[in-house]
Amino acid sequence: MKSTRLYFGLLLVLCLASCDGFLYQEPTTEISRTEALSDIESVESSLYGAYNLTMRSRNTYRGFLTYYADLTGGNVTINPGLTTEAETELRRIEAFNSIPDLTVESYTDLYAILNAVNNVINAVPTVPDGTQAQKDRVLGQALGLRALVQFDLVRLFAQPYNYTDDASHVGIVVLTESPSPDEEVSRSTVLNAYEQIVDDLERSIDLLEGEPFDPVFVSAVSAQALLARVRLYQGEWSRVVTLCNAVIESGATDLAPTDDMQEMWQNDYLRNEYLLRLDGSGYATYTLSSDWGNRASDSSPVLSATSDIIDLYDDGDVRGLGGDGLIRPTVDEGDTLFSTQKYPEPTTQEPNDIGVLRLSEVYLNRAEAYANLNRPDPAREDLNTIRLRANPDADPVNASGDALLEAILEERRRELAFEGHLLFDRTRYKEDVTRQYCAGEPSCNEAYPSPRFVLPIPRDAMNANDALRQNDEY
């Protein structure tokens, strides 16, 4: 039943989320949006379809968003032996030399998801049937999904929250409903974008309180974890601690023990550490395992872990290189490359689910917040929980002050490598990007602040909407 509803929802949302240019035109179908979303069953199905849209494109959650921040931050590089147009474009992004044409699919695909979710959100109050609990569940999940998409848009296409003292710099087009075909919408400030994201997540938490936890759907717990990440980017340290406490104390999931850290990446249904993961079972033609050379049918990686990240792991760290570590070497036409096993070929031949929120991040978020609040004891406790889980023989961290914060950020880099965090962690601390593995190359390093730390608005979007402002120096 679930798969049927997901399929129906996907077809529906593909119709409702069709686009032309920057924003979305009313689709040409025999069924209007009002008629299509006229009862609780169709609204629920459309919500499932919106979830499906998150995984439809390799340019969003099923690919690009998992490695963009690692590619630009220094954890990932491109196989030097590959020369296709796609790999050439990724090298331009890695070198902070992107051009507007390279980003069009990520931009439009994220806005397609946003458009679909907004249709659901705005339809819920109008449906005549369904219980209040059903409506609250649909609306709560849709609001959480909208917050996730708008947060990723603002991370990709706008400078970090603290780029200006009051976050008044240019952000994204914040959408809470689908614009009309001729409507031109300008970009908000980053402050306004974050206010909308926070409001959506707080509403989501309230509406989903008491609902059962399921990591493939937005829940009150996963909305709290995402809000903790958002507050971390804002530097709202006390709020981060409160939210992380709520997630950890909920007992919704537990940290995987050391012996299971390999296995939890091999089987989607054993990922007991996930607070939110996106279901990839509807797509069988592409997976991240292809990009990492982990498929038996194609062992030529597009992506390779760099020496910069590999060198951060001590011997015995199950996340690193060697033995059964999560980074493993492979030889491709004479080049030794390094593939993460976080995206293996699934035994069912279906794509990997994509993790969005893990409990280990919550511990590291709380550790960072404690360190910034000058509370070194609980900061060290959270840090060592993650550090010793990965390498029980490691020496516990006993640092304090700036050294403790540095140790937490370094552990964050180890733990969350290849999951889409590094560049954003660098820029929110106003750090330069320095990459030792390509030392001496002109495109290797980039000093903060840099207009190249954000992606350009696609040319097609600029042409379709005169109210849009391009990012600086593009």
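Any idea which of (1) modelled with pLDDT of 90 or more; (2) in contact with a Ser or Thr (Cβ under 9 Å, 6 or more places away or on another chain); (3) open to solvent by 20 Å² or more (accessible area, probe 1.4 Å); (4) among the β-branched types (Val, Ile, Thr) is the one Ile386 doesn't satisfy?
So Ile386 meets the others, but not (3).
Please identify the pairs in which a residue from segment 88-102 that is within 19 Å of Leu468 (Cα to Cα) and surrounded by 16 or more Cβ atoms within 10 Å (Cβ to Cβ) has its Cβ atom under 7 Å from the Cβ atom of a residue that is among the basic types (Lys, Arg) and at pLDDT 90 or above, counting only partners at least 6 apart or on another chain.
From segment 88-102, the pairs are Ser98/Arg92; Pro100/Arg459; Leu102/Arg92.
If we scan segment 108-129, do we find a residue that is touching a Pro at 6+ places or on another chain (Cβ under 6 Å), among the aliphatic types (A, V, I, L, M) and closer than 27 Å to Leu191 by Cα?
The answer is no; no qualifying residue exists.
So which of Glu381, Glu406, Glu411 is of a type in the set (Asp, Glu), modelled with pLDDT of 95 or more, assigned to a helix (DSSP H, G or I) and touching a Leu at 6+ places or on another chain (Cβ under 7 Å)? Even if it seems obvious, please write down each step before you answer.
Numbers: Glu381 fails: touching a Leu at 6+ places or on another chain (Cβ under 7 Å); Glu406 fails: touching a Leu at 6+ places or on another chain (Cβ under 7 Å).
Among Glu381, Glu406, Glu411, only Glu411 is of a type in the set (Asp, Glu), modelled with pLDDT of 95 or more, assigned to a helix (DSSP H, G or I) and touching a Leu at 6+ places or on another chain (Cβ under 7 Å).
Condition check: modelled with pLDDT of 90 or more, open to solvent by 10 Å² or more (accessible area, probe 1.4 Å), of a type in the set (Phe, Trp, Tyr) and more than 16 Å from Ala417 (Cα to Cα). Does Tyr370 satisfy that?
Working: modelled with pLDDT of 90 or more: yes; open to solvent by 10 Å² or more (accessible area, probe 1.4 Å): yes; of a type in the set (Phe, Trp, Tyr): yes; more than 16 Å from Ala417 (Cα to Cα): yes.
So Tyr370 fits the description; yes.
If Asp254 passes every condition in (1) under 19 Å from Arg319 (Cβ atoms); (2) surrounded by fewer than 16 Cβ atoms within 10 Å (Cβ to Cβ); (3) modelled with pLDDT under 90 but one, which one does it miss?
Here Asp254 meets the rest and fails (3).
State the number of residues belonging to segment 22-66 that are open to solvent by 30 Å² or more (accessible area, probe 1.4 Å) and either within 26 Å of Pro128 (Cα to Cα) or at pLDDT below 90 (or both).
Final tally of qualifying residues: 16.
In segment 67-87, how many are open to solvent by 10 Å² or more (accessible area, probe 1.4 Å), closer than 23 Å to Tyr448 by Cα and part of a helix (DSSP H, G or I)?
Qualifying residue count for the region: 1.
For segment 432-444, indicate whether the set of residues that are within 15 Å of Arg229 (Cα to Cα), surrounded by fewer than 19 Cβ atoms within 10 Å (Cβ to Cβ) and modelled with pLDDT of 95 or more is non-empty. Reasoning before the result, please.
Our first condition is that a residue be within 15 Å of Arg229 (Cα to Cα); within segment 432-444, this holds for none.
Checked segment 432-444: no residue is within 15 Å of Arg229 (Cα to Cα), surrounded by fewer than 19 Cβ atoms within 10 Å (Cβ to Cβ) and modelled with pLDDT of 95 or more.
Can you name every residue in segment 173-221 that is buried (at least 17 other Cβ atoms within 10 Å of the Cβ), of a type in the set (S, T, N, Q) and either modelled with pLDDT of 95 or more or in contact with a Pro (Cβ under 8 Å, 6 or more places away or on another chain) (or both)?
Ser188, Thr189, Gln196, Ser204, Ser219
Scanning segment 449-474 for residues that are among the aliphatic types (A, V, I, L, M) and part of a helix (DSSP H, G or I), which turns out least open to solvent (accessible area, probe 1.4 Å)?
Ala461
Need pairs with beta-carbon distance below 7 Å; first residue of a type in the set (Phe, Trp, Tyr) and within segment 417-433, second open to solvent by less than 20 Å² (accessible area, probe 1.4 Å) and not in a helix (DSSP H, G or I); sequence gap 6+ or separate chains.
If the second residue must be open to solvent by less than 20 Å² (accessible area, probe 1.4 Å) and not in a helix (DSSP H, G or I), the pairs left are Phe418/Asn75; Phe418/Val76; Phe418/Thr340; Phe418/Lys342.
Just give me the residues in segment 418-431 being outside any helix (DSSP H, G or I), in contact with a strand residue (DSSP E or B) (Cβ under 8 Å, 6 or more places away or on another chain) and either open to solvent by 10 Å² or more (accessible area, probe 1.4 Å) or farther than 20 Å from Leu226 by Cβ (or both), in sequence order. Outline the logic, then answer.
Let us first name the residues in segment 418-431 that are outside any helix (DSSP H, G or I), namely 418-421, 429-431.
When the remaining residues are screened for being in contact with a strand residue (DSSP E or B) (Cβ under 8 Å, 6 or more places away or on another chain), the result is 418-419.
Result: Glu419, single match.
Looking at segment 308-316, can you tell me whether even one residue there is modelled with pLDDT under 85, in a loop (DSSP other than H, G, I, E, B) and surrounded by fewer than 20 Cβ atoms within 10 Å (Cβ to Cβ)?
Residues of segment 308-316 modelled with pLDDT under 85: none.
Among the residues of segment 308-316, not one is modelled with pLDDT under 85, in a loop (DSSP other than H, G, I, E, B) and surrounded by fewer than 20 Cβ atoms within 10 Å (Cβ to Cβ), which makes the answer no.
Which of the residues that make up segment 147-167 are in contact with a helix residue (DSSP H, G or I) (Cβ under 6 Å, 6 or more places away or on another chain) and open to solvent by 10 Å² or more (accessible area, probe 1.4 Å)?
Arg155, Pro160, Tyr161 - these are the residues of segment 147-167 that are in contact with a helix residue (DSSP H, G or I) (Cβ under 6 Å, 6 or more places away or on another chain) and open to solvent by 10 Å² or more (accessible area, probe 1.4 Å).
Only residues in segment 165-180 that are more than 10 Å from Asn192 (Cβ to Cβ) count as the first member; pair them with residues that are in a strand (DSSP E or B), Cβ under 8 angstrom, at least 6 apart or cross-chain, and list the lot.
Listed by first residue and then by second, the contacts come to His169/Thr189; Val170/Thr189.
Can you confirm whether Leu275 is farther than 18 Å from Gly420 by Cβ and at pLDDT 90 or above?
No.
Determine, yes or no, whether Glu105 is over 18 Å from the mean Cα position of the chain (by Cα), among the acidic types (Asp, Glu) and open to solvent by 10 Å² or more (accessible area, probe 1.4 Å).
Numbers: over 18 Å from the mean Cα position of the chain (by Cα): no; among the acidic types (Asp, Glu): yes; open to solvent by 10 Å² or more (accessible area, probe 1.4 Å): yes.
When the stated conditions are applied, Glu105 does not pass them.
May I ask you to verify whether Asn115 is touching a residue at least 12 places away in the same chain (Cβ under 8 Å), in contact with a Ser or Thr (Cβ under 6 Å, 6 or more places away or on another chain) and of a type in the set (S, T, N, Q)?
Working: touching a residue at least 12 places away in the same chain (Cβ under 8 Å): yes; in contact with a Ser or Thr (Cβ under 6 Å, 6 or more places away or on another chain): yes; of a type in the set (S, T, N, Q): yes.
Yes: the conditions hold for Asn115.
The values are calculated or read from the model by the stated rules, or taken from the named source; none is laboratory data. Note that the structure is a prediction, hence the values are computed from the model and not measured. All Cβ positions, even for glycine, are placed from backbone atoms using ideal geometry, and neighbour counts span all protein chains on display. For the accessible areas, the whole protein counts, side chains as well, though only heavy atoms, and no ligand, DNA or RNA atoms are used. Shrake-Rupley method; radii C 1.70, N 1.55, O 1.52, S 1.80 Å.
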